[in-house]
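Structure, as C-alpha cells:
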Amino acid sequence: MLEIKNLHVKIADEDAEILKGIDLVVPRGEVHAIMGPNGSGKSTLAYVLAGREDYEVTDGDILWNGESILGMEPDERAAKGVFLAFQYPMEIPGVAGLTFLRTAANAVRKKRGHEELTTPAFMKLVKERAASLNIDVEMLKRPVNVGFSGGEKKRSEILQMAMLEPSLCVLDETDSGLDIDALRIVADGVNALRGPDRAMLVITHYQRLLNHIVPDKVHVLAYGKIRRSGGKELALELEKSGYAEFQKDAA
Amino acid sequence: MNVAVMKTRAEVALTEGFAGVADALPGSDEVRQARTAAIGRFAAHGLPHRRIEEWKYTDLRGVMKDALPLAVGDQTKTTIADVIVAMGALGRIDAPRLVLVNGTYRRELSNLDGISGVVVTPLSAALQAGASASLSLDEEDRGSQALLALNAAYVTDGAVIDVAAGTKLAEPLLVVHVRAGGIAQRTVSRSQIRVGDGAQVTIVEMFVAVPGSIADGQTNAASEVVVGANAEVGHVKVAMDLGQVIHLANWLVELGTDSNYRAFQYTSGVGLARNQVRTTFKGENAKLDISGAFLARNSEHIDTTLFVDHATPGGESRELFKGVLDGEARGIFQGKVIVRRDAQKTDGKQMAQALMLSETAEFDSKPELEIYADDVVCGHGSTSAALDGELLFYLRARGIPLKEARALLIQSFIGEAIDKIDNVAVREALMSEAETWLAASI
Ligand SMILES: Nc1ncnc2c1ncn2[C@@H]1O[C@H](COP(=O)(O)OP(=O)(O)O)[C@@H](O)[C@H]1O
Ligand SMILES: [Mg+2]
C-alpha cells in the first residue's frame, strides 16, 4: 500500500511550495489516476516518489508497504519496487539499450535476493516483452532512446517497467504524444502488469488514457493539493468541465 | 631586432651536454654532422614556451626545470615478462613486436619472426649505415622545430618499418618503448613508417613502464609516416602509466592518393604529455581519421595539438578526441584544419569533448578552421561538462547504484572514442585499460 501523508515539497533552492499537503492512499491491486492542470505539481509528485534530489520534502511522509521511503536513494527505492515511467524519457548516448536493461534488471534482482539473469535467460525475456510492446529488438542494440520518436520512447519506458517487475508503478503522462494505436499498445502493456500485488498511479492530463487503463479511483491535483477524489466517472466529468472550478477552490 | 634570450638551466644542459654524449650516439660521420647542426638549431630556438602561439597552454620552458641525463646503451636486465607486464592489457595481444628499453633496441626482447612483406630494422642500424636523411624531419612552428632538432641531435634508436606495396598484415605490428630500471633519464627515439601502395597494416606505438620502476623521465619521440596510394593504415599510439614524466611526441604524416589512414592516440597516467600530429594530404581523395582518448587526474597535463593540412582535392578528415579529467588535471585540445585553395570537395569534421569529474579540472579547446577553397564542408565543435545529474537520476531510478551508474556513463563517453579503433584486440585492450583507470575515479 502506498500512503502519502501531508506531503509538502519545494524546489531545493527556492522558497515557493509546489506540493502543499498531499494526502493519498493507493492500496495494492488498485489503479489510481491523478489528473490536473499543467503546472499543478503532478510531475513533482512523481519525481518525489522516485527520489529525485532537486526537490525538498519540508513536511509529511511517503510510506510504501508501511516503510518510509523518503530517506532512500533512488536505486534503493527501485529495488523496493518503485518505478517511475518518465514524462520525458532521457537519451543515454553510448549505452546500448540491452546493456542498460540488463544492468538495471540484474541490479534490482540482486537487491531483491533473486538470481541474476544469464544472458540467454535475459534475451528470452526481453524478446518476449519487447514483442508484446511492438518493439524491435534491433532497436535495443542502439543507445537508449537516442533517435527514438516520442512514441518509441514511451514504449521503451513500459518495456523497462516490464523488465524491472516493480510493485508500485507511477506513470507520468505516458499518453502524451501518442497516437491512438501507440496508446493502445502502451495501455495493453500497462494492463498486462495489473495484478493483486501491484499498485499503480497513472498521471494524465487527459481522460483519453483512462478509457484504456480503467482506474479504480480518480484524484484531481490542482495548486499543490488533492482537490477532489472520486470514481472513474470523475474523469469524464472533468473532460467536460475542465479544471476551471479548481482555480476558484484554490483562491 | 634580435632579443637575447636568457637560457634556462635545462636549455643550457641540453645545448652544452651534447658534446659529452656525441661519441656514444649511433651514426656515421655524416650523421654526426647532421646531429651537430641540429643542436645548433635547437640552441637558436630554445625550448617551446607560452609566447609561441602553438605552445600557449603548454609552457615547456617553464615546466622543464632541468634536462635529465640521456639514456644511451641500456644495461637493464629487463625480461620478456617485464615487457609483457608493462604492456598491461595490450600484453595479451599476440603479435610481432620491436622492443626498445630506455631508448635502445633490444633484439632478444623483440619478436619479428614470420612477418613477410614488412622489413623492420632498428633506426640505430640505419644511422650507422649513414642514413642522415632520417634526421631531416621538421615542423612549422618554432617550438616543435626546436623539439625535432633536439630529437635529431640526441636520437638513440627507433623503428624503421618498410611495408612493401600490396602487403596485407592481419596482426598489428607493435613498437614497444619500455621504461625500466627506475632510472631518472631522458629517452629520445624516432620511427619511420613507410607503407607501400595498396598495403594494409596496423601499427601500434606504445610508451609504457615496467611497474615498480617508475622514475622521473623525459621522452622526446618522433614518428614519420608516409602512406602510399590506396594503402589502409591503422596507427595507434599508447602512452600509459608512465608517472611523472614529460612526454613529447611528434607525428608527421603524409597521405597518398586514395589512401585511408586511421590514427588513434590513447594517453593515461602521464604527468605531462604533448601529442602533436601533422597530417598532410599529398594525394587526392585520401581519408583521414585521427581520434583519441585521454584520461588525466592529479595535476596531469595532456595536450593534443593537431594540424590537418588539406592540400589536395577530395580529402576527408575526421577527428574525435575525448578526455576524462579529474582532480586538478588539465586537458588541452588544439585542432587546426587548413583547406588550401586547390583542396575542393574537402569534407572535414572535428569534435573535442571533455568530461569533468572534478570542479578543479580544466579543459582548454581551440579549434581552428582556415579555409581557402570554396566548395568544402567543414565543421568543428567542442564541449566540456560534468556528468549529467539528470541522466544519473534516470539510471538510478532504474535500480542501478550510483557507482555503477557513474561507471556506465563515463565508460560510454570514452567508449565512443575508443570504438574508432578498427583492430578488435587493440580496441578491447584499451577499453579495459580505460576501465581500470576509471575504477579509481568512480
Ligand atoms: N526543477 C524545477 N525547477 C523550477 N521549477 C520547477 C521545477 N519542477 C517543477 N517546477 C515548477 O513547479 C510547478 C509544478 O510543476 P510540475 O510538477 O512539472 O507540474 P505538472 O507535471 O503538473 O505539469 C510548476 O510551476 C513548475 O514550473
Ligand atoms: Mg508533468
Residue identified as in contact with a strand residue (DSSP E or B) (Cβ under 8 Å, 6 or more places away or on another chain), more than 14 Å from chain A (Cβ to nearest Cβ) and assigned to a loop (DSSP other than H, G, I, E, B) among B:SER365, B:SER358, B:SER382: B:SER358
Qualifying positions in the range B:54-86 - open to solvent by 30 Å² or more (accessible area, probe 1.4 Å), in contact with a helix residue (DSSP H, G or I) (Cβ under 9 Å, 6 or more places away or on another chain) and assigned to a helix (DSSP H, G or I): B:GLU54, B:ARG61, B:ILE80, B:ASP82, B:ILE84, B:VAL85
Residues satisfying the stated conditions in the range A:125-147, i.e. under 12 Å from A:GLY97 (Cβ atoms) and either within 14 Å of chain B (Cβ to nearest Cβ) or part of a helix (DSSP H, G or I) (or both): A:VAL126, A:ALA130, A:VAL137, A:GLU138, A:MET139, A:LEU140, A:LYS141, A:ARG142, A:PRO143, A:VAL144, A:ASN145, A:VAL146
Among the candidates B:ILE52, B:ILE80, residue that is more than 25 Å from B:HIS177 (Cβ to Cβ), of a type in the set (A, V, I, L, M, F, W, C) and touching a residue at least 12 places away in the same chain (Cβ under 8 Å): B:ILE52
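Could you pull out the residue among B:LEU395, B:LEU438 that is at pLDDT 95 or above, within 14 Å of chain A (Cβ to nearest Cβ), outside any loop (DSSP other than H, G, I, E, B) and open to solvent by less than 30 Å² (accessible area, probe 1.4 Å)?
From the options B:LEU395, B:LEU438, the qualifying one is B:LEU395.
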Conditions (1) at pLDDT 95 or above; (2) within 16 Å of ligand 1 (Cβ to nearest atom): number failed by A:GLU67: (2)
First in the range B:329-357 and surrounded by fewer than 23 Cβ atoms within 10 Å (Cβ to Cβ), second anywhere and of a type in the set (Ser, Thr, Tyr), Cβ under 6 Å, 6 or more apart: B:GLN334/B:THR305; B:ARG340/B:TYR372; B:ARG341/B:TYR372; B:GLN353/B:THR383; B:LEU357/B:SER441
Test: residue in the range B:141-155 that is open to solvent by 10 Å² or more (accessible area, probe 1.4 Å) and in a loop (DSSP other than H, G, I, E, B): no
Some residue of the range A:228-242 being within 16 Å of ligand 2 (Cβ to nearest atom), in a loop (DSSP other than H, G, I, E, B), open to solvent by 10 Å² or more (accessible area, probe 1.4 Å) and at pLDDT below 95: no
Hits in the range A:161-180 (condition: within 14 Å of chain B (Cβ to nearest Cβ) and either more than 16 Å from the chain's Cα centre (by Cα) or more than 16 Å from ligand 2 (Cβ to nearest atom) (or both)): A:MET161, A:ALA162, A:MET163, A:LEU164, A:GLU165, A:PRO166, A:SER167, A:LEU168, A:CYS169
Residue check for B:SER291: under 15 Å from B:VAL201 (Cβ atoms) and modelled with pLDDT of 95 or more: no
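Residues are listed down the side, and each one gets a yes or a no for (1) part of a loop (DSSP other than H, G, I, E, B); (2) of a type in the set (Asp, Glu); (3) at pLDDT below 95:
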{"position": "B:MET1", "(1), (2), (3)": "yes, no, yes"}
{"position": "B:ALA4", "(1), (2), (3)": "yes, no, yes"}
{"position": "B:VAL12", "(1), (2), (3)": "no, no, no"}
{"position": "B:VAL21", "(1), (2), (3)": "no, no, no"}
{"position": "B:PRO26", "(1), (2), (3)": "yes, no, no"}
{"position": "B:THR36", "(1), (2), (3)": "no, no, no"}
{"position": "B:PRO48", "(1), (2), (3)": "yes, no, no"}
{"position": "B:ARG51", "(1), (2), (3)": "yes, no, yes"}
Residue within the range B:384-401 that is closer than 19 Å to B:THR267 by Cα and under 28 Å from the mean Cα position of the chain (by Cα) present: yes
Condition broken by A:ILE158, with the remaining ones in (1) in contact (Cβ under 8 Å) with a residue 40 or more places away in the chain; (2) farther than 30 Å from A:VAL57 by Cβ; (3) more than 10 Å from every other protein chain (Cβ to nearest Cβ); (4) of a type in the set (Val, Ile, Thr) satisfied: (2)
Verdict on B:ALA126 being open to solvent by less than 20 Å² (accessible area, probe 1.4 Å) and not β-branched (Val, Ile, Thr): no
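Quick check on my filter: what residues within the range A:154-199 are among the polar types (S, T, N, Q), within 16 Å of ligand 1 (Cβ to nearest atom) and surrounded by 23 or more Cβ atoms within 10 Å (Cβ to Cβ)?
Correct list: A:THR174 only.
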First in the range A:196-220 and away from every other protein chain (no Cβ under 14 Å), second anywhere and within 16 Å of ligand 2 (Cβ to nearest atom) and aromatic (Phe, Trp, Tyr), Cβ under 9 Å, 6 or more apart: A:VAL220/A:TYR243
Lone unmet requirement of (1) at negative phi; (2) in contact with a helix residue (DSSP H, G or I) (Cβ under 7 Å, 6 or more places away or on another chain); (3) crowded, with 24+ Cβ neighbours inside 10 Å for B:ARG179: (2)
Residues of the range A:10-39 classified as in contact (Cβ under 8 Å) with a residue 60 or more places away in the chain and within 16 Å of ligand 2 (Cβ to nearest atom), total: 9
Residues being part of a strand (DSSP E or B), under 25 Å from B:ALA126 (Cα atoms) and not acidic (Asp, Glu) - total across the range B:173-213: 26
Yes/no for B:SER412 being out of contact with any helix residue (DSSP H, G or I) (no Cβ under 6 Å at 6 or more places or on another chain), crowded, with 17+ Cβ neighbours inside 10 Å and either more than 8 Å from chain A (Cβ to nearest Cβ) or of a type in the set (Val, Ile, Thr) (or both): no
Scan of the range B:415-426 for residues that are farther than 23 Å from A:ASN106 by Cβ and either open to solvent by 50 Å² or more (accessible area, probe 1.4 Å) or within 12 Å of chain A (Cβ to nearest Cβ) (or both), ordered by number: B:GLU416, B:ALA417, B:ILE418, B:ASP419, B:LYS420, B:ASP422, B:VAL424
Subset of the range A:56-78 (residues that are crowded, with 18+ Cβ neighbours inside 10 Å and under 19 Å from B:GLU390 (Cα atoms)): A:PRO74, A:ASP75, A:ARG77, A:ALA78
Filtered residues of the range A:37-58 (kept if in contact with a Phe, Trp or Tyr (Cβ under 7 Å, 6 or more places away or on another chain) and either among the basic types (Lys, Arg) or near ligand 1 (Cβ under 9 Å from one of its atoms) (or both)): A:PRO37, A:SER40, A:THR44, A:TYR47, A:ARG52, A:TYR55
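The values are calculated or read from the model by the stated rules, or taken from the named source; none is laboratory data. Keep in mind that what you see is a predicted model, and the values were worked out from it rather than measured. As a convention, Cβ positions derive from the backbone with ideal geometry for all residues, glycine included, and neighbour counts pool all protein chains shown. These area figures cover heavy atoms from the full protein model, side chains too; ligands, DNA and RNA do not enter into them. Shrake-Rupley method; radii C 1.70, N 1.55, O 1.52, S 1.80 Å.
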